[in-house]
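Only one structure is covered here, and it is reproduced in the block below.
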Amino acid sequence: METYLCIYYLVQFCGHSWIFSNMIARFMSFGKDAFADTFYAMGYVMRVCQLLSVLELLHILLGIEKKRFWPKFIQVAQRLIILFVVVASQEEVQGKYIVCLLFFLWNLWDVVRYPYNMLLLMEIEFPSLTWLNHTIWIPVYPLSVLAEAYTVYESLPYFESLGTYSFEMPFPCVGSVYFPYVLKMYLVLLPIGMYFLGSDLYAERKMHISYTNFKKKEKAN
């Protein structure tokens, strides 16, 4: 299981670092022109990486990873909804700059947490990487949630005009599902999800600080 988890973390790190480095390289080469086609250039690998992240939920359910299920479920579900439901279904949204910012924030966090988890599993610790893993989410996660909310907001006019995912319910049910209303409800739920996941990340950070202080006192004695 440890070998499997190491391979999984390594694959995810390679995928996200490829996206992250290519985004930077494209920006250095093409400037602002690289923003508009980020999804076309990186979307396939990004979708593969996010689909693979569903395995993290199975890891927790099977007891392979010792983490809380619901905070991880919120994180995975948020990304899958934004990537597959909102962005991938609306070609007009794919070319917006906010998608580039969203990809940048997601991958900035992932290129830190996946190698950290892999090295932690191997009982190898780099203090700088450990500090970065427990710190980078503080600015990045709230910004990514804001980017997700803005992406949904930008997509609403297209869902309203095209009627994507909106449908009439068949007989004997009477009524219809208007998907823009579903997205607006999702916007209301985003801060709640951010609170639960943020609380879990803060608890992990606090636990790490306590453990580090304990180790320092142990060495001093």
Against the condition farther than 25 Å from ALA203 by Cα and in contact (Cβ under 8 Å) with a residue 60 or more places away in the chain, how does ILE7 come out, does it pass? no
Sort out for me the helices (runs of 4 or more DSSP H) sitting completely within the stretch 27-132 that have 3 or more residues that are open to solvent by less than 60 Å² (accessible area, probe 1.4 Å). 33-36, 38-52, 54-61, 69-80, 97-121
Complete set of residues in the stretch 139-169 that are closer than 16 Å to GLY95 by Cβ, β-branched (Val, Ile, Thr) and over 18 Å from the mean Cα position of the chain (by Cα): none
Is one or more of the residues making up the stretch 4-11 within 18 Å of the chain's Cα centre (by Cα), surrounded by 16 or more Cβ atoms within 10 Å (Cβ to Cβ) and closer than 16 Å to LYS96 by Cα? no
Scan the stretch 164-176 and give yes if some residue there is within 18 Å of ILE81 (Cα to Cα), open to solvent by 90 Å² or more (accessible area, probe 1.4 Å), aromatic (Phe, Trp, Tyr) and part of a helix (DSSP H, G or I), otherwise no. no
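The values are calculated or read from the model by the stated rules, or taken from the named source; none is laboratory data. Not measured: the values here are computed from a predicted model. No Cβ is skipped: glycine too gets one built from the backbone with ideal geometry, and neighbour counts run over all protein chains shown. Quick note on the areas: whole protein, heavy atoms, side chains included, nothing else; ligands and nucleic acids left out. Shrake-Rupley method; radii C 1.70, N 1.55, O 1.52, S 1.80 Å.
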